[in-house]
Amino acid sequence: MKKVLKALSLMLVMMLFAALLSACNKSTGGSGKGSVDVGIVLPTKDEPRWVQDEQRFKDALKDSDYTTEILFSQGSSAKEKENVETLINKGIKVLIICPQDGDAAAAAVEAAKKEDITVISYDRLITNTDAVDYYVTFDSVAVGAAQGQYLIDHAKGKNVPLYLYAGAASDNNAFLFFQGAWSVLQPKIADGTFKIANSSEAEALKDTAELSRDQLSKILGQVTTNWDPNEAKNKAQTHLTAAGADLKGDVAVLAPNDGTARSIADVFASDGDISSYVITGQDAEKASIQYIIDGKQSMTVFKDVRTLVKDAMGMAVEILDGKTPETTGSYNNGKVDIKAKQTDVIVVNKDNVKKELIDSGYYEASEFKGIE
């Protein structure tokens, strides 16, 4: 009888251990092959946007039977490739990746493709490879066009000095944002509403409505901020030091995102020869919303990342369920046309900040001073 009880006890302990191990693998993603369904690689933990995305991705899958693991590349394409290899070894079936560098990420996704993993390029497009299956994005050309249109709508008179800035040349989105802005600004540059203040390359192309990739590269080479607020600040200081009185007064500034917009705005605000400035942004960062409330930044393009995350995870779940995801357009990445699902963007300024960001539950009113 003792032997039977001992055997039963041992069996119960083993069953309990197996159950615990299974639960651990389910909740943490485990470490064995086949234990993670969706692998997610984000560019850096150093920007609020990506840390918020991490939590949103976790929330989006919490009611699902599928498991996920999220890794950060910390601004390094080598680390990004290592992250993808780690996730491949964990048996992922879908890879969602926002590349640090669109070209450099090609090698990483090609390794995933060899393992029959479906690759979703998230927010930024991975370029010059056929190893990308889908692209989930905001309409980046529309973002740039919204920024450009805002400057046009708020231009006073003729020959308004126009200062141009762009994102990083390693990020395909930077080209799309600038392309969108140029598409609406160019006619107004050609008709004398604006005069370009800080780019000889843009000035030379002011009569060219549609810029080639090479022409865009030349302009970006002069006005890139590399998405770095310090670099943006230094460039703005250099440009204003070199500018004559005819390029000051009431000015318009195309800033590519909120982080660079705040740095550039601070430089323009501290120049006694600048009477007023209209400056663009994007991402609806908290610090920039406060700047908008305080009149230091004119607008931001709000990209509701909650929707983008839902679109990306919805697509991943459809793939895992054996379905074909719905798409709304396509983008050429230099090698092939990638099917894309596009998410709408919203222009936010002082007039509608409460409606779009507070009433929609994106932020709390208590996080800001002076919101009405």
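The values are calculated or read from the model by the stated rules, or taken from the named source; none is laboratory data. What you see is a predicted model; the values in this text were computed from it and never measured. Here Cβ is always computed from backbone atoms with ideal geometry, including for glycine, and neighbour counts include all displayed protein chains. Only protein heavy atoms, including side chains, enter the accessible area calculation; ligands, DNA and RNA are left aside. Shrake-Rupley method; radii C 1.70, N 1.55, O 1.52, S 1.80 Å.
Read through the list (1) closer than 27 Å to residue 323 by Cβ; (2) within 21 Å of the chain's Cα centre (by Cα), then give the number of the only condition that residue 117 fails.
(2)
Being closer than 21 Å to residue 284 by Cα and either touching a residue at least 60 places away in the same chain (Cβ under 8 Å) or more than 25 Å from the chain's Cα centre (by Cα) (or both) narrows it down to one residue among 143, 160; which is it?
143
Conditions first: (1) more than 20 Å from residue 171 (Cβ to Cβ); (2) β-branched (Val, Ile, Thr); (3) touching a Pro at 6+ places or on another chain (Cβ under 7 Å). Residue 267 passes all but one, so which condition is the exception?
With (1) more than 20 Å from residue 171 (Cβ to Cβ); (2) β-branched (Val, Ile, Thr); (3) touching a Pro at 6+ places or on another chain (Cβ under 7 Å) applied to residue 267, the lone miss is (3).
Can you find a residue in segment 207-216 that is over 27 Å from the mean Cα position of the chain (by Cα) and over 22 Å from residue 285 (Cα atoms)?
Residues of segment 207-216 over 27 Å from the mean Cα position of the chain (by Cα): 207-208.
Keeping just the survivors that are over 22 Å from residue 285 (Cα atoms) gives 207-208.
Yes.
Are any of the residues in segment 229-237 of a type in the set (A, V, I, L, M), assigned to a helix (DSSP H, G or I) and in contact (Cβ under 8 Å) with a residue 40 or more places away in the chain?
Yes: segment 229-237 contains one or more residues that are of a type in the set (A, V, I, L, M), assigned to a helix (DSSP H, G or I) and in contact (Cβ under 8 Å) with a residue 40 or more places away in the chain.
Within segment 66-115, which residues are among the small types (Gly, Ala, Ser), open to solvent by 20 Å² or more (accessible area, probe 1.4 Å) and in a loop (DSSP other than H, G, I, E, B)?
Kept after step one, since they are among the small types (Gly, Ala, Ser), are these residues of segment 66-115: 73, 75-78, 91, 102, 104-108, 111-112.
Next, from what is left, pick out any that are open to solvent by 20 Å² or more (accessible area, probe 1.4 Å): 75-78, 104, 107, 111.
If the condition is that a residue be among the small types (Gly, Ala, Ser), open to solvent by 20 Å² or more (accessible area, probe 1.4 Å) and in a loop (DSSP other than H, G, I, E, B), then 75, 76, 104 are the ones that fit.
Need the failing condition index for residue 360 against (1) surrounded by fewer than 16 Cβ atoms within 10 Å (Cβ to Cβ); (2) touching a strand residue (DSSP E or B) at 6+ places or on another chain (Cβ under 8 Å), just the number.
Evaluating residue 360 over (1) surrounded by fewer than 16 Cβ atoms within 10 Å (Cβ to Cβ); (2) touching a strand residue (DSSP E or B) at 6+ places or on another chain (Cβ under 8 Å) leaves (2) as the failure.
Keeping to segment 135-154, report how many residues are assigned to a strand (DSSP E or B) and closer than 9 Å to residue 301 by Cβ.
Adding up the residues that qualify gives 1.
Does any residue of segment 217-228 turn out to be in contact with a strand residue (DSSP E or B) (Cβ under 8 Å, 6 or more places away or on another chain) and open to solvent by 10 Å² or more (accessible area, probe 1.4 Å)?
There is at least one residue in segment 217-228 that is in contact with a strand residue (DSSP E or B) (Cβ under 8 Å, 6 or more places away or on another chain) and open to solvent by 10 Å² or more (accessible area, probe 1.4 Å).
When you check residue 122 against the structure, is it closer than 24 Å to residue 107 by Cα, open to solvent by less than 10 Å² (accessible area, probe 1.4 Å) and either over 23 Å from the mean Cα position of the chain (by Cα) or not aliphatic (A, V, I, L, M) (or both), yes or no?
Against the criterion (closer than 24 Å to residue 107 by Cα, open to solvent by less than 10 Å² (accessible area, probe 1.4 Å) and either over 23 Å from the mean Cα position of the chain (by Cα) or not aliphatic (A, V, I, L, M) (or both)), residue 122 qualifies.
Do we have residue 286 as open to solvent by 50 Å² or more (accessible area, probe 1.4 Å) and either within 30 Å of residue 68 (Cβ to Cβ) or free of Cβ contacts under 8 Å to residues at least 40 places away in the same chain (or both) here? Steps first, please.
Working: open to solvent by 50 Å² or more (accessible area, probe 1.4 Å): yes; either within 30 Å of residue 68 (Cβ to Cβ) or free of Cβ contacts under 8 Å to residues at least 40 places away in the same chain (or both): yes.
Yes, satisfied.
Starting from residues that are over 23 Å from residue 304 (Cβ atoms) and surrounded by fewer than 16 Cβ atoms within 10 Å (Cβ to Cβ), keep the ones in segment 29-65 and report whichever is modelled with the highest pLDDT. Let's see the steps before the verdict.
Of segment 29-65, the ones over 23 Å from residue 304 (Cβ atoms) are 29-37, 39, 65.
If we keep only those that are surrounded by fewer than 16 Cβ atoms within 10 Å (Cβ to Cβ) as well, we get 31-34, 65.
Numbers: 31: 37, 32: 42, 33: 48, 34: 52, 65: 89.
Among those residues, the one meeting the criterion is 65.
Kindly indicate whether any position in segment 174-185 is part of a helix (DSSP H, G or I) and loosely packed, with under 15 Cβ neighbours inside 10 Å.
No; the residues of segment 174-185 include none that is part of a helix (DSSP H, G or I) and loosely packed, with under 15 Cβ neighbours inside 10 Å.
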